[in-house]
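Q: Sending over a structure as structure tokens; questions will come in a sec.
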Amino acid sequence: MEAILAENLTKTINPRGNKPVYAVRGVDLIVRQGEIFGFLGPNGAGKTTCQRMLTTLLPIDGGRAEIAGFDVTKRADEVRRHIGYVGQLGGADLTATGRENLTLAARVYGLKPAAAKAKVAKLARLLDLEELLDRIVRAYSGGQKRRLEVALGIIHEPKIVFMDEPTTGLDPQNRANLWEHIKTLKSRGITVFLTTHYLDEADALADRLAIMDCGKIVAEGTPAGLKAGISDAEIAERVKRETASHATLDDVFMKMTGRSLRDTGKGAEN
């Protein structure tokens, strides 16, 4: 059974009563259990809209999707029980301690006090939070706060975790640290659906990835497989501008979308 299955997933918007505008148009996805799946694309490509449909936060206008074997439209409650979500804005209470945040989340998911205490201790060890548990979250560094948010997203032991730009704003050291923790989730059999703007992040972490543009999937495969499809001429063209002498995911992105990911604008719907 696939962790995530989407068939002809479609979302339309019609802000002025004119003909429908497609935010997501006919997306097919298969994500296998236990893999890290990278989801790339410029702002406005439809990534966040797609992710919100998969996580039951937006209704599906066309097509269908299953998460952990449950239909997203018909079995939304079951889908929510089987997923974790780490959003861009986070969900931690900044005025509470890490322990208070995690304990409350555990109790919300139905754990008794003793079980909640044990689960908080377990996650603190897993995500290097033990020395931070009794600090107010507002005093955490960016990397520490992101690790806490990951802990909040997996406290109910979901089979699948959706991460939306989890390392945005982190310095290189904290990014690398969080990468290692994401790999740890995979080693524990958790499927990670990773939306990111960072091509090096997808290259380092993803078993497979998809590139989305204008509401459609324009490329899908392993990082190595996608890079292997870049011709010597295309590499030579970039080498004129830069210094690398081998294919990168930026080459793949340029080929499939006609623009560099780092040159896209800010603020549009993802």
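Q: Modelled with pLDDT of 95 or more and among the small types (Gly, Ala, Ser): which single residue out of Ala114, Ala92, Ala151 fits that description?
A: On the way: Ala92 fails: modelled with pLDDT of 95 or more; Ala151 fails: modelled with pLDDT of 95 or more.
Ala114 is the lone residue from the list that is modelled with pLDDT of 95 or more and among the small types (Gly, Ala, Ser).
Q: On the basis of being over 28 Å from Ser187 (Cα atoms), surrounded by fewer than 23 Cβ atoms within 10 Å (Cβ to Cβ) and not hydrophobic (A, V, I, L, M, F, W, C), does Arg32 make the cut? Give the steps one after another, and end with the answer.
A: Working: over 28 Å from Ser187 (Cα atoms): no; surrounded by fewer than 23 Cβ atoms within 10 Å (Cβ to Cβ): yes; not hydrophobic (A, V, I, L, M, F, W, C): yes.
In short, no.
Q: Might you check whether a residue that is part of a loop (DSSP other than H, G, I, E, B), without any contact (Cβ under 8 Å) to a residue 24 or more places away in the chain and crowded, with 20+ Cβ neighbours inside 10 Å occurs anywhere in segment 85-103?
A: No; the residues of segment 85-103 include none that is part of a loop (DSSP other than H, G, I, E, B), without any contact (Cβ under 8 Å) to a residue 24 or more places away in the chain and crowded, with 20+ Cβ neighbours inside 10 Å.
Q: Val27 fails exactly one of the following numbered conditions: (1) assigned to a strand (DSSP E or B); (2) among the aliphatic types (A, V, I, L, M); (3) at pLDDT below 95. What is the number of that condition?
A: Failed condition: (3).
Q: Looking only at segment 36-45, which residues are touching a helix residue (DSSP H, G or I) at 6+ places or on another chain (Cβ under 7 Å) and in a loop (DSSP other than H, G, I, E, B)?
A: Step one: of segment 36-45, the residues touching a helix residue (DSSP H, G or I) at 6+ places or on another chain (Cβ under 7 Å) are 36, 38-42.
Listed by number, the residues that qualify are Gly41, Pro42.
Q: What about Gly143, is it surrounded by 21 or more Cβ atoms within 10 Å (Cβ to Cβ) and of a type outside the set (A, V, I, L, M, F, W, C)?
A: Working: surrounded by 21 or more Cβ atoms within 10 Å (Cβ to Cβ): no; of a type outside the set (A, V, I, L, M, F, W, C): yes.
It is false that Gly143 is surrounded by 21 or more Cβ atoms within 10 Å (Cβ to Cβ) and of a type outside the set (A, V, I, L, M, F, W, C).
Q: Counting only residues that are assigned to a helix (DSSP H, G or I) and among the aliphatic types (A, V, I, L, M), how many does segment 122-150 have?
A: Number of matching residues: 8.
Q: Here is a list of conditions, (1) crowded, with 18+ Cβ neighbours inside 10 Å; (2) of a type in the set (D, E, K, R); (3) touching a residue at least 40 places away in the same chain (Cβ under 8 Å); (4) closer than 18 Å to His82 by Cα, and Lys186 meets all of them except one; can you say which number that is?
A: (1)
Q: Looking for something within 16 Å of Gly84 (Cα to Cα), small (Gly, Ala, Ser) and touching a residue at least 24 places away in the same chain (Cβ under 8 Å) - is there at least one such residue anywhere in segment 112-125?
A: No, because not a single residue in segment 112-125 is within 16 Å of Gly84 (Cα to Cα), small (Gly, Ala, Ser) and touching a residue at least 24 places away in the same chain (Cβ under 8 Å).
The values are calculated or read from the model by the stated rules, or taken from the named source; none is laboratory data. What you see is a predicted model; the values in this text were computed from it and never measured. Cβ: placed from backbone, ideal geometry, glycine included. Neighbour counts: every protein chain shown.
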